[in-house]
1. What is the calculated FRET efficiency for residue 10 to residue 96, with r their C-beta to C-beta distance and R₀ = 30 Å, to the nearest 0.05?
2. Taking the Cα centre of segment 66-157 as the origin and placing charges on Cβ (Lys, Arg +1; Asp, Glu -1), which of 73, 147, 101 is farthest toward the positive end of the dipole?
3. Amide H to amide H under 5 Å from residue 103: which residues, 5+ apart in sequence or cross-chain, H placed 1.01 Å off N in plane?
4. Subtract the Cα-Cα distance of residue 69 and residue 35 from 0.36 nm times their separation in residues, and report this length gain in nm to one decimal.
5. Report the Cα centroid-to-centroid distance between segment 136-170 and segment 23-38 in angstrom, as an integer.
6. Counting only protein heavy atoms and using a 1.4 Å probe, what share of the accessible area of the chain belongs to carbon plus sulfur, as a whole percent?
7. How much length, in nm to one decimal, is gained on full extension between residue 88 and residue 26, taken as 0.36 nm per residue of separation minus their Cα-Cα distance?
8. If you count only protein heavy atoms with a 1.4 Å probe, what accessible area per residue comes out for the chain, rounded to a whole Å²?
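The values are calculated or read from the model by the stated rules, or taken from the named source; none is laboratory data. Nothing here was measured: the structure is a model prediction, and the numbers come from that model. Neighbour counts run over all protein chains shown; Cβ positions are idealised from the backbone, glycine included. Surface areas here come from the heavy atoms of the whole protein model, side chains and all, with no ligands, DNA or RNA. Shrake-Rupley method; radii C 1.70, N 1.55, O 1.52, S 1.80 Å.
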Amino acid sequence: GVGVAPNVGWLDGSGIAVDNGITCDATLATSAPDVYAAGDVANWLNPQFGERMRAEHWTNAVEQGRAAALNVLTSSEHASPFSSVPYFWSDQYETKIQFVGHARPDDEVRVVHGSVDDSGPGDGRFVALYGRGGRLVAAIGFNWARHVMAYRAMIGEGIGWDDALAHAASVD
């Protein structure tokens, strides 16, 4: 998709560090003084997950753009880190697919609402949670926006895996 391979060739010779996008610190500052990056091209240290990432969705570009603009308007010593729970969605015919957080292949995954079986309870409508290191790190949902967005907030709060599962068991 667009944005998956960041177009940074135009920065050759600029002195701005690039590595899978424009390399930024947690405040979205680049290696050039007073220059910030946002959007698909920004590879920043996300304090929410303690690792570098890029997020290729317009929601991230809007949120990062706002944060970068605020940091441009303040002094670098007062710049705020951009800590985010990535979010994207896609409408595929009658199905709204939403994903929040940052998953890895070895995360524990558990379906907590509905069923992935489109002939079973929920008719393919479901939410699955991803856990790593005792913490909720991501959620995916098919046609269940209310739950997905609640889990985005929980990930932002750093909720533990067991607490996330207990929450899931307590709601419909």
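1. E between residue 10 and residue 96, to the nearest 0.05, is 0.25.
2. Working it through, the farthest residue towards the positive pole turns out to be 73.
3. Counting only residues 5 or more places away or on other chains, the set is empty.
4. Full extension of this stretch gives 11.2 nm more.
5. 31 Å
6. Taking all protein chains in place, the chain shows 55 percent carbon and sulfur surface.
7. Working it through step by step, the gained length comes to 20.2 nm.
8. I get 53 Å² per residue for this part.
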